[in-house]
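The values are calculated or read from the model by the stated rules, or taken from the named source; none is laboratory data. What you see is a predicted model, and the numbers here were worked out from it, not measured in a lab. Neighbour counts run over all protein chains shown; Cβ positions are idealised from the backbone, glycine included. Just so you know, the surface numbers come from the protein's heavy atoms only, side chains and all, with ligands and any DNA or RNA stripped out. Shrake-Rupley method; radii C 1.70, N 1.55, O 1.52, S 1.80 Å.
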Amino acid sequence: TASGDVKRVTEEMPVVQSKLVMGFAIGTTPEERLAAKLMSVVLGGTPSSKLFMNVREKQSLCYYCAASYNFINGLMIVDSGVLNENIEKTEKAILKEVEDMKNGNITDFEIEATKRAIVNGFRTSNDTTAGIDNWYSSQFINDGFNSIEELAAKYNAVTKEEIVEAAKKLTLDTVYVLKNK
């Protein structure tokens with residue numbers, strides 16, 4: 001869980017591209033995990049995500065910007081590659097997108113595109129032996145076994161309101177910056 005104070009860590013190395021990583025605590029129950037996963041993908045998991053469309057494309061603040069949700073550790077990470085001069089602007093732009101989600105600023109298109117991307121990812125797991133093995137192995141980590149179609153139906157049943165509630169649980173905990181000397 002977040003301590004309430006945002007921890008800030010900055011390191012310098014001889015790198016061309018700086019890195020901005022923002023860690024958010026998100027305390028979710030098992031019932032809220034699907035909504036939290038959808039929320040993180042709407043935020044930054046596909047080419048139609050808020051971070052990709054608004055922070056990367058419209059504002060040209062970073063080379064890449066993505067969000068990932070880890071339900072085991074109860075956190076969401078936003079990871080981006082930026083120029084030194086864009087670090088602060090990128091952080092503010094990411095926080096704006098998170099706030100917009102907390103306020104319900106999520107379109108039906110964003111939700112449907114995200115659900116399609118997740119479900120299509122499930123379905124492609126049947127394309128290879130390794131994919132099938134990974135699917136069934138991952139079910140041991142999750143709360144009970146689900147077939148691809150069962151889990152797809154569960155994701156498709158998640159509502160916008162549940163996604164907004166998941167966003168409201170986000171609390172910025174740590175900001176890590178690796179920048180060029």
Task: Per-region count, region 90-108, residues open to solvent by less than 60 Å² (accessible area, probe 1.4 Å) and either part of a helix (DSSP H, G or I) or polar (S, T, N, Q) (or both) - done: 10
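The rows are residues; the columns are (1) touching a residue at least 12 places away in the same chain (Cβ under 8 Å); (2) surrounded by 22 or more Cβ atoms within 10 Å (Cβ to Cβ); (3) at negative phi; (4) out of contact with any Pro (no Cβ under 6 Å at 6 or more places or on another chain).
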{"position": "T10", "(1), (2), (3), (4)": "yes, no, yes, yes"}
{"position": "V15", "(1), (2), (3), (4)": "yes, no, yes, yes"}
{"position": "E31", "(1), (2), (3), (4)": "no, no, yes, yes"}
{"position": "S40", "(1), (2), (3), (4)": "yes, yes, yes, yes"}
{"position": "N70", "(1), (2), (3), (4)": "no, no, yes, yes"}
{"position": "M76", "(1), (2), (3), (4)": "yes, yes, yes, yes"}
{"position": "V82", "(1), (2), (3), (4)": "yes, yes, yes, yes"}
Open item on the list: Against the definition (open to solvent by less than 60 Å² (accessible area, probe 1.4 Å), out of contact with any strand residue (DSSP E or B) (no Cβ under 6 Å at 6 or more places or on another chain) and either free of Cβ contacts under 8 Å to residues at least 40 places away in the same chain or not basic (K, R) (or both)), how does L61 come out, yes or no?
Closed with: yes
TODO: Would you point out which residue out of K50, K19 is of a type outside the set (G, A, S), open to solvent by 50 Å² or more (accessible area, probe 1.4 Å) and modelled with pLDDT of 95 or more?
DONE: K19
Open item on the list: What's the total number of residues in region 146-172 that are polar (S, T, N, Q) and touching a Phe, Trp or Tyr at 6+ places or on another chain (Cβ under 7 Å)?
Closed with: 1
Task: Number of the condition not met by M53 [criteria: (1) aliphatic (A, V, I, L, M); (2) part of a helix (DSSP H, G or I); (3) closer than 17 Å to V177 by Cβ] - done: (3)
Task: Candidates A130, A117 - the one that is of a type outside the set (D, E, K, R), under 16 Å from the mean Cα position of the chain (by Cα) and in a helix (DSSP H, G or I) - done: A117
Open item on the list: Kindly evaluate I87 against the criterion of being farther than 30 Å from K181 by Cβ, touching a Leu at 6+ places or on another chain (Cβ under 9 Å) and crowded, with 17+ Cβ neighbours inside 10 Å.
Closed with: no
Task: Residue in region 63-84 that is farthest from T171 (Cα to Cα), counting only those that are assigned to a strand (DSSP E or B) and in contact with a Gly (Cβ under 7 Å, 6 or more places away or on another chain) - done: Y64
Task: Residues that are open to solvent by less than 30 Å² (accessible area, probe 1.4 Å) and in contact (Cβ under 8 Å) with a residue 40 or more places away in the chain, drawn from region 125-171 - done: Y155, V158, I163, V164, A166, A167, L170
